[in-house]
Every structure is written in C-alpha cells, then in structure tokens.
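Since every read-out is calculated from the coordinates, none of them should be taken as a lab result. Since the model is a prediction, treat every value here as computed from it, not as a measurement.
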C-alpha cells in the first residue's frame, strides 16, 4: 500500500463585481456541462488514473498487483468508471454522490440497494466524544453487483458494472 502519484492544485476563484442572478447561474451551469471533460476541474480524477497507469507500465509492465483508487464523492463520475473499465488490474472505490439509475430496472441506486438483503452485520466500537457516549454500534452492510446506466455522453457502452455497497 502506498501513494503512487499526487497532484497539488488550487481553485482559481473568479472575482465577481456583482452577484449573479439565478438565470445567470443556470446559464453558467449549462455552459459548463457542454465543456469537454479535459477542460473541467474534475478531470483530475481521470488524470490520476492515467498517470498511475503510465507510471506502472514503465516500472513493471507485467505487474501482478491490483491498483485500487480511492476517491471521495467528487470522483463519482461516469468518466472515472469508464476509464477504470479500460485498464486491467485496476479498480476504484468511490463514495456515491449521485443516486444513479439502474440499467434494466425502474429504480435508482440507493433505493435498489436498500431493497437487497443485509449481507453482514458488524459491531463497531465508537469512542466517547464531547457529544457522544462510548458505545457499540451495529453496522448493517448490503452489497451486490449492479449495472448502472451510463449517461448519453459516454459512448460505446450502455451501462457500467460495479459493486454497490450500502452501510448503515
């Protein structure tokens, strides 16, 4: 386990002289959706997958280890899943930000996972904090393979296959 690559960056905040109206905000969002992924701030999640793959190809072309990228909710993008699907021995764990549509179902990810049986229950020790007494919590975990419908902007495949995990 270890860190293979990192990118340091900061967001350039635009100084605006006036507050934007709701109509102006909607126009800005619509324009942002039409920009290619390579021009978006969120491209960093795809860039890390590509950079690590290039690094490993040059260092160990016949690698046996599986690389697992761990992303926060900002990395929940169809383009990330699409990129990972193209590379063998590579996976991704992403905390869901979007309640995606299930392919071949009339359902969304969170509701669909909640309809599945609990696969395991785990006791978790929670330490005392200023707002909570020390206690043992029961964590119910559901997991199952799932096919998520791809958005129209992802060409070539109708759905992406992932494992959905729901813990409460």
Alpha carbons only, please: Rg and Dmax for segment 99-168, in angstrom. 16.8, 52
For segment 30-87, radius of gyration divided by Kirkwood radius, i.e. Rg to Rh on alpha-carbons: 1.03
Calculated from DSSP helices alone, with each H run of at least 4 adding -39500 (n - 2.57) and the total divided by the residues of the chain, [θ]222 nm to the nearest 500 comes to -7500 deg cm²/dmol
Once you've got the GNM for the chain with C-alpha springs shorter than 10 Å, pick whichever of 95, 149, 35 has the biggest mean-square fluctuation. 35
Radius ratio Rg over Rh of the chain, counting only Cα atoms, Kirkwood formula for Rh: 1.03
Could you let me know the centre-to-centre spacing of segment 26-54 and segment 102-144, using Cα atoms, in angstrom? 31 Å
